[in-house]
Amino acid sequence: MNFPDDLLYSPGHLWVRAQGGTVTVGISDFAQDQLGRVVYVDLPSVGQAVAAGQEMGAVESAKSVSDLIAPVSGRVAEINEALADNPAPLNDDPYASGWLARIELSGALPAELVDAAAYRKLVGA
Amino acid sequence: MTLETPLIGWHRQHGGKLIEFAGWSLPVSYQAGIVAEHLACRKAAALFDTSHMGRFRLAGPGALAFLRRTLSNDAARLGPGRSHYTFLSDPEGRPLDDAYLFRLPEGAYLLVVNAGNRGQDWAWLHGLDPSGAGLEDISAQMAMLALQGPLSSAVLGRVLGAEGLPAARNHCAWLDWAGGRVLVSRTGYTGEPHSYELFVEASQVGRLWTDLLEAGSGLGLMPAGLGARDTLRLEAGLPLYGHELRPDWPILSLPLARHGVALTPERGDFLGRAALERQAAELAGGQVAEVPCLIRGVAAQERGMMREGSPVLVEGRQVGELTSGTTVPAWRFKGGAPGDEHYSRAIGLACLERQVVAGQKVEIVYRGRALPGVVVNRLVKPGGNYLQPLL
């Protein structure tokens, strides 16, 4: 499994790419592997406030549904609209074209976010 | 201990994601994934290992009489090389299983039943005195594949020759193949206008599987797993036992079931006949008693999700619930054929109060959200060689 070193990872298995005051988030390779093929993703709305540790949407695979737990607190600035028509990038390209949302931070990054090495240990990879 | 089909080694070596289904270890998908496999079936072709299905052969002199008194459809209607949909009904007109009955070209019968019901069906048929029917379980000796999709005839022609392929739905024929023979049937579980099921000796199925994949490799043929098999059958509006057909629901709750029930006077009595006649009379007469609900298609009118168990509302009142539901991919059509772009849509089958008919606007409740949708008779329509999404 692939866990890029330039990203941070949340306990809810989302990755976070920090770029100043706005971060991009998506699901980790571990999460996509556990879910199986994603058939639908329920994303938050642009402008919606999200809170770290709280549900901000859901990912549906063929047989199960998993909540998307916001990895940071802030306001949703942009969502990956293309996933609505074709969620395949969530499985095939989770760190690039499978991104979920861009979030404007309302404060500092939560302490629960860990680096790739610590995340690898967490998921036993 | 899970059961394995003769193709288990191939599935493992080719990225099959194995899951347990009805006691069998089978791929839910291969590396391409459910979405790509579903789309391949609708535009080119898909190949499924369906050897987990139960196969019973009946070749005795009493086979026809036995089938006429135990199955809901009338086996006497089948000439050699023909097949039809049928049910194992209990005395109350409830389904023990739904099945396909084939009359082989040489006259023997082949009953194909659901994998999960095979043991129960076998015991049930044995409890109904099959003496003289020559009933045997040939599931292990004879393997089964499904080749489905608009290019399936072309793929099959490359392997078996174009001569002698059954041309009409529900026809079947033996074709010679590399010294052996294959029973080729124009049937399937995807709704595709071009669709085949293939029966071959278990020892030969590995070679038939790889020959078909090789023949179809330049045509877009893909191996497909149980996941796509389920989304394809759902899109085609076909029932899955345990979902649209349940052991405590009347058989005729499923409108499609009328194709598998023969209530003609000339065939005499059969198991469940009186109850099925009551159900049919109730549906014809309009009163509501034993069959309060019917299975209908439901299509979302906005992006969203629905699943089995989701309540279906009309103006805030619950009128039923989904028996199956998910998001399925569909091609955008251009000039009567699938184009290069695809999208996804939420669809389902639902058990709805009988007054709720096609065209009715509904809401489907899932995870606290009410998704606007509409009741439909069909979720796809045949467009020449293709199945085209409706809505």
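As a summary of the residue check, A:Arg17 satisfies the conditions (1) under 12 Å from the mean Cα position of the chain (by Cα); (2) surrounded by 20 or more Cβ atoms within 10 Å (Cβ to Cβ) except for the one numbered (2).
Taken together, the residues in region A:53-72 that are away from chain B (no Cβ under 12 Å) and open to solvent by 40 Å² or more (accessible area, probe 1.4 Å) amount to 3.
Summed over region B:159-187, residues that are open to solvent by less than 20 Å² (accessible area, probe 1.4 Å) and part of a loop (DSSP other than H, G, I, E, B) total 2.
For region B:287-308, a tally of residues being in a loop (DSSP other than H, G, I, E, B) and away from chain A (no Cβ under 12 Å) returns 7. Does at least one position in region B:65-72 carry a residue that is in a loop (DSSP other than H, G, I, E, B), open to solvent by less than 10 Å² (accessible area, probe 1.4 Å) and within 14 Å of chain A (Cβ to nearest Cβ)? No: region B:65-72 contains no residue that is in a loop (DSSP other than H, G, I, E, B), open to solvent by less than 10 Å² (accessible area, probe 1.4 Å) and within 14 Å of chain A (Cβ to nearest Cβ). The strands (runs of 3 or more DSSP E) located wholly in region A:21-101 that include 2 or more residues which are without any contact (Cβ under 8 Å) to a residue 60 or more places away in the chain occupy A:38-42, A:55-61, A:65-69, A:74-79.
Checking each residue in region B:207-242 for being more than 13 Å from every other protein chain (Cβ to nearest Cβ), among the hydrophobic types (A, V, I, L, M, F, W, C) and closer than 27 Å to B:Leu294 by Cβ picks out B:Ala236, B:Leu238, B:Leu240.
Here is the figure for region B:335-385: residues that are open to solvent by 20 Å² or more (accessible area, probe 1.4 Å) and outside any strand (DSSP E or B) total 14.
Given the structure, is B:Glu341 modelled with pLDDT under 95 and among the charged types (D, E, K, R)? So B:Glu341 passes the test. Applying the criterion of being open to solvent by 60 Å² or more (accessible area, probe 1.4 Å) and over 18 Å from B:Leu147 (Cβ atoms) to the residues of region B:1-17, the residue that is farthest from the other protein chains (Cβ to nearest Cβ) is B:Met1. Within region A:73-84, count every residue that is among the charged types (D, E, K, R) and surrounded by 15 or more Cβ atoms within 10 Å (Cβ to Cβ). Total meeting the criteria: 1. Just one of the numbered conditions (1) open to solvent by less than 10 Å² (accessible area, probe 1.4 Å); (2) assigned to a strand (DSSP E or B) is not true of B:His84: (1). The numbered conditions (1) part of a loop (DSSP other than H, G, I, E, B); (2) aliphatic (A, V, I, L, M); (3) open to solvent by 40 Å² or more (accessible area, probe 1.4 Å) are all true for B:Ala133 except (3).
How many residues does region B:313-343 contain that are of a type in the set (Ser, Thr, Tyr) and touching a Phe, Trp or Tyr at 6+ places or on another chain (Cβ under 7 Å)?
Here is the first cut: in region B:313-343, the residues of a type in the set (Ser, Thr, Tyr) are B:323-324, B:326-327, B:343.
Still in the list and also touching a Phe, Trp or Tyr at 6+ places or on another chain (Cβ under 7 Å): B:327.
Number of matching residues: 1.
Of the set (1) over 14 Å from the mean Cα position of the chain (by Cα); (2) surrounded by fewer than 15 Cβ atoms within 10 Å (Cβ to Cβ), all apply to A:Gly36 but (2). Only one entry of A:Gln48, A:Gln34 meets the criterion of being farther than 24 Å from B:Pro27 by Cβ and of a type outside the set (Val, Ile, Thr), and that entry is A:Gln48. Residues in region B:313-323 that are open to solvent by less than 10 Å² (accessible area, probe 1.4 Å) and either in contact with a His (Cβ under 9 Å, 6 or more places away or on another chain) or within 20 Å of B:Ala236 (Cα to Cα) (or both): B:Leu322, B:Thr323. Among the residues of region A:85-117, those identified as open to solvent by less than 50 Å² (accessible area, probe 1.4 Å) and within 14 Å of another protein chain (Cβ to nearest Cβ) are A:Asp85, A:Asn86, A:Pro87, A:Ala88, A:Pro89, A:Leu90, A:Asn91, A:Pro94, A:Gly98. Take B:Gly191 and decide whether it is part of a loop (DSSP other than H, G, I, E, B) and in contact with a Gly (Cβ under 6 Å, 6 or more places away or on another chain). Against the criterion (part of a loop (DSSP other than H, G, I, E, B) and in contact with a Gly (Cβ under 6 Å, 6 or more places away or on another chain)), B:Gly191 does not qualify.
Is it the case that region B:32-47 has a residue that's crowded, with 22+ Cβ neighbours inside 10 Å and more than 26 Å from B:Pro338 (Cβ to Cβ)? Among the residues of region B:32-47, not one is crowded, with 22+ Cβ neighbours inside 10 Å and more than 26 Å from B:Pro338 (Cβ to Cβ), which makes the answer no. Residue check: B:Arg332 meets all listed conditions (1) within 11 Å of chain A (Cβ to nearest Cβ); (2) more than 18 Å from B:Asp230 (Cα to Cα); (3) in contact (Cβ under 8 Å) with a residue 24 or more places away in the chain; (4) in a strand (DSSP E or B) but one, namely (3). Here B:Arg332, B:Arg303 are screened, and the one residue that is among the basic types (Lys, Arg), in contact with a strand residue (DSSP E or B) (Cβ under 9 Å, 6 or more places away or on another chain) and farther than 26 Å from A:Met56 by Cβ is B:Arg332. Considering only region B:41-53, I want to know if a residue exists there that is touching a Phe, Trp or Tyr at 6+ places or on another chain (Cβ under 8 Å) and either more than 30 Å from A:Asn86 (Cβ to Cβ) or without any contact (Cβ under 8 Å) to a residue 12 or more places away in the chain (or both). Yes, the conditions are met somewhere in region B:41-53. When residues in region B:258-288 are screened for being among the polar types (S, T, N, Q) and more than 12 Å from B:Ser72 (Cα to Cα), 2 of them pass.
Taking the listed residues B:Glu201, B:Glu163, B:Glu214, B:Glu106, the one that is assigned by TED's automatic domain parsing to the domain that holds B:Arg69, of a type outside the set (Ser, Thr, Tyr), farther than 24 Å from B:Asp90 by Cα and over 19 Å from the mean Cα position of the chain (by Cα) is B:Glu106, with no other qualifying.
The values are calculated or read from the model by the stated rules, or taken from the named source; none is laboratory data. These numbers were taken from a predicted model, which means no experiment stands behind them. Neighbour counts are summed over all protein chains in view; Cβ atoms, including those assigned to glycine, are modelled from backbone coordinates with ideal geometry. Each accessible area value is taken on the protein alone, full model and side chains, heavy atoms only, with ligands, DNA and RNA left out. Shrake-Rupley method; radii C 1.70, N 1.55, O 1.52, S 1.80 Å.
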